[in-house]
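Here's the structure, in structure tokens; my notes come after.
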Amino acid sequence: MTPRNVAVIQARMGSQRFPGKMLTRLGGIPLLEWVVRRLLRATTLTQVVLATSERAGDDALAELAASLGIAVFRGSEADVLGRFVGAARMAGADNVVRICADNPFIDPAEVDRLVRHFADSRCDYACNHQDRLGSNYADGFGAEMLSAALLEKISVKAVEPRHREHATLYLWDHAGEYKLTAVAAPAELAFPELRFDVDTPSDLAKLEALVSAGVSIETPAHEIVRIAREIRRVAGADFPKDASDELDAYLQRLFPLCRSITGNPNRETLRVLQEIVPLVIHEVPSGTAVYDWTIPDEWNICDAWIADASGRRIVDFRASNLHVVSYSEPVNLVMDWAELRPRLHRHPELADAIPYRTSYYKRDWGFCVTHAQFAELEQLGGPFTVVIDSELKPGSLSYGEYLVPGVSPREILLSCYICHPSMANDSLSGVLLTAFLARHIAGLENRHWSYRIVFVPETIGAIACCARNEEAMKQIDLGLVITTVGGPGRFGYKQSFDPAHPINGMIEDVLSDTGAEFITYPFDIHGSDERQYSSQGFRINTATICRDRYYEYPYYHSSLDDLSFVTAKQVAETLEVYVRLVGRLEARRIYRNRIPHCEVMLSRHGLYPATGGAQRPELGGRSELDLILWLLFLCDGKLDIDHIAARLQVPSGELVPIADRLADKGVLELV
Ligand code: ZN
């Protein structure tokens, strides 16, 4: 005889996190209706029953279920397990399939798969609703199953409130006594990082996006997973697995642009980056005072060359934009070797390299050449036609800014500089890594911190950005300047100005995790924009993770810092380190004592043992009461839990639940 396999949907309107959830509409259809209609297509179920409470608030659920043609069992609100047993008895079940009503995408084929597995495996309990026992299932397509006889048994044994409230928890808490199994996920559903359950309104918003992308009551689970993965891919959440190809395409596109501290190629660069993240392009007009500096005139260049008497170009801007000193004023002259020579710059060591030179704040002009070009010009002796078709006039300085809000308004600063022309490691690698990292951050679920991500011309752009956001940036505690991240060499990191700041330890941990040796550079006032962000007015602890850092590699500031030295794969490897660091940062928790003046009256908040007087500090001071007192003493909104744990010599894992309890009581708050 075929057993009666009865699916019991547990649902009620009262949800603390999401009141009225079950009748909330997804794609215009109440969540409960999604569950029932999808479930009714399963072929192995004898009956589907809704188990809900007797409260009047749940009448609407019962009516909807009845209108969809399923039976309804109503029982005690608090005793979920009791309701479950009652529903099973009412339906005369042999086996019970527990359906969580939070799963609107419950899949009939996966429920059938569970029922068959249960019949074949002679287990006490089977499940495929989540990634359990290594099943690897995406969360939200399956269910849990046990025999009605076992359900009756645990209903007698389970007396603790939590075991009455969570119907199958008793089995998991006594796992050794029962044979618990999980169905292994089929490959197309083996994405445990994907969740389709609805706990909160923001979960519902995610599912709404899937419905907008085509998911309906008929859509099978594997198709839902495919659509979800596509949305995550576009949002960057699957990053950085397959980043190299995409990074390579952007490296090729952006490398040729003749960027400087101002000019159209900078705007063009920022516009290309907008394909990756929706950054905002700001313009600061020439002549604007920013602290001790003034935004210079805007520089743009069309062409430049040095030609011999026959018009042949010996040095040609079109071959490399490094040939012209950045910010060269326009010239159109005929001159001989003696006049030309002081205008030429060669690389001191590398004969084949074109060096990189700038003259931003002194009106000047010049050419950068290889040793061979220099020798040829010297030998020819002139006359030479020397042309720089550039323009220097009032305009503006462009920079990009992307603000990614998190649960906490407290910001983390990420900064890169966009002012270098065709050089790959110095500047471009950092710019692209920053954009890809920004996309990763924007795709993070439940992001804790807010992020201020800026793409600025070095020095003057960073100063302008600080001046324009002074108040907000004064609140920032830590930042990263991202540059020289694409070379083939070892990882290194430059410490922030306070070596004891947690950012440094976190970077060391992340670099140690790579298993390779890395170089530590102590803070130094030279370098990049960390010296703006760390200046007295801001004092942001700003560090840098790099690979072939500026100053250190032979091709630095030359034409040999190109796309044969830097590869997309190398950039992607460094990106992965930054992604891990963001993971560490996101796990960082900082609490603030809301009663900072004098000591908290613990009993008033239900935090003190009932009888006072006899309490003596325990040896070593590590009782829960001691930890509460230490947390209240140390949680100042600046020290993080890891730091406090290290100081108290207890594992952070021991402190976090206590801190959370203090936060529940309103004594601490998470910043
Ligand atoms: Zn540089």
* To do: Would you please state the base-10 log of I(q)/I(0) at q = 0.21, 0.26 1/Å for segment 1-79, with intensities from the Debye formula using one equal scatterer on every alpha carbon?
  => -0.95, -1.31
* Structure fact -> Rounded to whole Å², per residue accessible area for segment 126-194 with a 1.4 Å probe reads 43
* With at most 13 other Cβ atoms within 10 Å, longest stretch of the chain clear of loop chymotrypsin sites (Phe, Trp or Tyr not before Pro) (DSSP) -> 1-290
* To do: Given a cut-off of 18 Å, name the pairs among 494/569; 494/638; 474/494; 21/206 whose C-alpha atoms lie farther apart than that in the structure shown.
  => 494/569; 494/638; 474/494
* **GluC sites (Glu not before Pro) within segment 388-446: DSSP coil, no more than 16 neighbouring Cβ in 10 Å** => 445
* Put +1 on the Cβ of every Lys and Arg and -1 on every Asp and Glu Cβ in segment 100-257; which of 198, 244, 138 then has its Cα farthest towards the positive end of the dipole? -> 138
* Structure fact -> Here the tail fraction of P(r) beyond 21 Å, over all Cα-Cα pairs of segment 65-184, rounds in percent to 37
* Structure fact -> Rh_Kirkwood(the chain) over Cα pairs, Å, one decimal, evaluates to 29.6
* **Acute angle (nearest 10 degrees) that the helix 80-90 long axis makes with the longest principal axis of the chain, alpha-carbon atoms** => 50
* Taking Cα atoms, how many degrees apart are the long axis of helix 148-157 and the longest axis of the chain, rounded to 10 and kept between 0 and 90? -> 90
* What aspartates and glutamates could a cross-link reach from residue 362, if we take a straight Cα to Cα line under 13 Å and drop same-chain neighbours fewer than 8 places away? -> 297, 329
* Asked: Can you give the translational diffusion coefficient of segment 423-576 in µm²/s, computed by Stokes-Einstein from the Kirkwood radius over Cα pairs at 4 °C and 1.567 mPa s?
  -> 81
* To do: Report ³J(HN,Hα) in whole Hz for each residue of segment 19-27, in order, from the Karplus equation J = 6.51 cos²θ - 1.76 cosθ + 1.60 where θ = phi - 60°; Gly and Pro get x.
  => x, x, 3, 5, 9, 5, 8, 10, x
* Whole-Å semi-axes of the ellipsoid equivalent to segment 103-251 (Cα gyration tensor, √5λ, descending) -> 35, 16, 15
* **Angle in degrees between helix 568-587 and the longest Cα principal axis of the chain, rounded to the nearest 10** => 50
* Considering only the chain, what is the antiparallel percent among its DSSP beta bridges, to the nearest 5? -> 55
* Asked: Longest span of the chain, sites excluded, free of trypsin sites (Lys or Arg not before Pro) in DSSP loop with at most 12 other C-beta atoms within 10 Å?
  -> 364-671
* Return the lysines within reach of residue 179: Cα separation strictly under 18 angstrom, same-chain partners fewer than 8 residues apart disregarded; answer none if there are no such residues. => 153, 157
* Do any GluC sites (Glu not before Pro) in segment 276-349 lie in a DSSP loop with no more than 11 other beta carbon atoms within 10 Å, and if so, which? -> 349
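The values are calculated or read from the model by the stated rules, or taken from the named source; none is laboratory data. Just so we're clear, the structure is a prediction, and the values are computed from it rather than from any experiment. Ideal geometry is used to build each Cβ from the backbone, glycine not excepted, and the neighbour counts take in all protein chains shown. Remember, those area values only see protein heavy atoms, side chains included, never the ligands or the DNA or RNA. Shrake-Rupley method; radii C 1.70, N 1.55, O 1.52, S 1.80 Å.
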